[in-house]
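Read the structure below first, then the notes.
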Amino acid sequence: MGQRNDVDDLTPEQNARLKRAWRRIWLMPLIMVPVMFVVITLNDRLNPPHPRPGHHPLPTWVPWVVLAVLILVLPVEYWFVRRRFFHRPTTARALMASGDRQDIRRVVKAPRRGDPLADSDRPIAQAYVNSAARQLRTAPFFLAPLLLLGVGALVLAVVNHQPTPWLMVALMVIAVGLSAVAFVQLRRAMTGARAEGIVTVKSGKKAGAL
């Protein structure tokens, strides 16, 4: 009897690609979150801010309670997100399982440049077009709260006669700029793929998702 796959509808090769993608997605956050927490905590303890009238320093036990909650919550979140990542047939999962990372990058660039696609690259291009269409549909639901948060911070600063939160303004400008660049690239890729006869296929259809 062969080895059981994490995902029954994927081949062993596709399942291996998903595992590599999962490690890339989670490795850096799992390393950076504890490191940032330790650095911030040590900096606060070794270089305490100068007391101000009405200022109450953060109690020592608060960071450790937060760390304990993270230790308890992160494994549950990791398990839940991993289960959805491997077992939910999303367009993103189909794209990551369609080919190796280098092949996906190479195929994605071709429609943007208007280059013809080889027959062997068409499944990757199809998965990318489906994923791009999904991203374009869901992007407003992520950008709208971000913009509202930034505008709200600016309005509160003006109303309360506080300094302008330039960091928030910079983050908003960067987010809007990156979103505009991503939108242009996605549209160019979809236009190039359409010229090759590759159109969006809904995930409910057999050719739409893995």
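The values are calculated or read from the model by the stated rules, or taken from the named source; none is laboratory data. What you see is a predicted model, and the numbers here were worked out from it, not measured in a lab. Ideal geometry is used to build each Cβ from the backbone, glycine not excepted, and the neighbour counts take in all protein chains shown. Heads up: the accessible areas ignore ligands, DNA and RNA and are worked out on the full protein's heavy atoms, side chains in. Shrake-Rupley method; radii C 1.70, N 1.55, O 1.52, S 1.80 Å.
Figures for the structure shown
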item	result
All positions within segment 159-181 that are assigned to a helix (DSSP H, G or I) and over 18 Å from residue 145 (Cα atoms)	159, 166, 181
Filter result for residue 81 (surrounded by 12 or more Cβ atoms within 10 Å (Cβ to Cβ), of a type outside the set (Phe, Trp, Tyr), more than 13 Å from residue 189 (Cα to Cα) and without any contact (Cβ under 8 Å) to a residue 24 or more places away in the chain)	yes
Pick from segment 105-156, criterion in contact with a helix residue (DSSP H, G or I) (Cβ under 9 Å, 6 or more places away or on another chain) and among the aromatic types (Phe, Trp, Tyr), ranking: surrounded by the most Cβ atoms within 10 Å (Cβ to Cβ)	128
Filter result for residue 126 (of a type outside the set (Ser, Thr, Tyr), modelled with pLDDT of 90 or more and out of contact with any strand residue (DSSP E or B) (no Cβ under 7 Å at 6 or more places or on another chain))	yes
Top-ranked residue in segment 177-197 [being out of contact with any Lys or Arg (no Cβ under 8 Å at 6 or more places or on another chain) and under 10 Å from residue 112 (Cβ atoms); ranked as most open to solvent (accessible area, probe 1.4 Å)]	187
Candidate set from segment 157-176 (those that are among the small types (Gly, Ala, Ser) and more than 12 Å from residue 143 (Cβ to Cβ)); member that is most open to solvent (accessible area, probe 1.4 Å)	170
